[in-house]
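Working notes for the structure below.
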Amino acid sequence: MARDYYETLGVKKNATKEEIKKAYRRMARKHHPDVNPNDSSAEKRFKDIGEAYQVLSDDAKRQQYDMLGHDAFTGGAAGHGYGSGQAYDYSGGFDFGGGGFSDIFENLFGGGRGRGSRRGQAQPFGPQRGQDAYANMAVTFDEAFRGAAREISLEVGEPCGACGGSGVKAGSKPSKCGMCGGKGQVSLGRGMFNLSQTCPQCGGTGQANANPCPSCSGQGVRPAVKRFSVKIPPGVDNGSKIRLAGKGSPGQQGGPPGDLYIITSVGGHRLFERKGSNLHCEIPITIVEAALGTLLEVPTPEGKSSIKIPPGTDSGKTFRLRGKGFPSLQGRGRGDLYVQVKIVTPKNVQDKERRLLEDFARLHPEDPRADYRYTD
């Protein structure tokens, strides 16, 4: 006997949609297969949670479930889709059509419905491109500077093994579309105003699925966790998109898969501030170094470099090291490193140092604030 959907998510029957969504997130994280690698039943619990959320998060399906229970989505309640002019909706399982798969995992991908059909519209039978998937990835400052190889696990699904991704029950074949008679086109109007358009029932394929695969509800797709290798190119920034072609959600009924987009979030650095492809840092210098000049050693992301500090350098002076910044993501060279010097005043001055500084002040009586004097 199927477990009660409310019990599966751990919510009351009068729970709000927001409470159901929060419960789903909590339960999905708890029973995720990656979190329970040694538990063979974790994947089944994870699928049950997704199935419960799909029904209870949809007002119409929830109302049917409250009235009829699981019977609302079995037998005749879900078996008359194609050929009758209605959308095929196997609501007792994962509904990959009409954005269902995207809805279930939207919090993991962070994306919209892509090219899926809207709820309530006829779901055409025939190959359809899979939806694009999105995932966030945090990378360190050094990984963004040098590039890196990372791995990530995501739920993007896979072709149904029972039907080979066709969506048709094993041993069966698609039949002619009842709306267009297998032509793939339907006529609008009469006489000289007769126009044709792609059949909305079959999507122009001229076929209908009278015997949908029970394992995938005729969509040719089943949920699955997959692991991907991601090559992070040098120069990525916050919000950069890394495209993995064909690694998104699988296509329905044999269609091509969508793409997977990795959105990067780059961490900070204790010394450098990044502004585009340029880097900025602040280096302390002594009064003597500022007054007499020096060859100053400065850090860069690739090691040490040096700049010449001329005599009489003021605090706040900025020097540029060309080509020592971040690599350009488009491969167009490197940014620059801007080094701002900051004069550090001596602390705990002793009597001897004080007398030397007083002598220095008498020898250099210039007033740096002369231009700031207020006069009537």
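Overview of results
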| quantity | calculated |
| --- | --- |
| Positive-end extreme of charge dipole, the stretch 159-318 - chosen from 203, 307, 179 (charges on Cβ) | 179 |
| Neighbour-count ranking [beta-carbon atoms within 10 angstrom, fewest first] of 142, 259 | 142, 259 |
| Exceeding the 25 Å Cα-Cα cut-off - candidates 12/226; 13/44; 61/247; 17/47 | 12/226; 61/247 |
| Fully extended contour minus Cα-Cα distance, from residue 198 to residue 367, at 0.36 nm per residue | 52.3 nm |
| Ordering of 317-323, 350-356, 38-44 by packing [mean C-beta count within 10 Å, highest first] | 317-323, 38-44, 350-356 |
| Cα centroid of the stretch 34-53 to Cα centroid of the stretch 266-335, whole Å | 51 |
| Using alpha carbons only: equivalent-ellipsoid semi-axes of the stretch 233-278, gyration tensor based, whole Å | 34, 8, 6 |
| Loop-located chymotrypsin sites (Phe, Trp or Tyr not before Pro) in the stretch 211-308, at most 11 other Cβ atoms within 10 Å (DSSP) | none |
| Ranked 32, 280, 364, criterion: other C-beta atoms within 10 Å, fewest first | 364, 280, 32 |
| Likely footprinting exposure, 57, 249, 172, fewest C-beta neighbours within 10 Å first | 172, 57, 249 |
| Debye log10 I(q)/I(0) at q = 0.14 Å⁻¹ for the stretch 273-360, Cα point scatterers | -0.58 |
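Taken together, the values in this text are just the output of simple stated rules run on the coordinates, not laboratory data. As the structure is a computational prediction, the values presented were derived from the model and not from experiment. For neighbour counting, all protein chains shown are included, and Cβ atoms are generated from backbone atoms with ideal geometry for every residue, glycine included.
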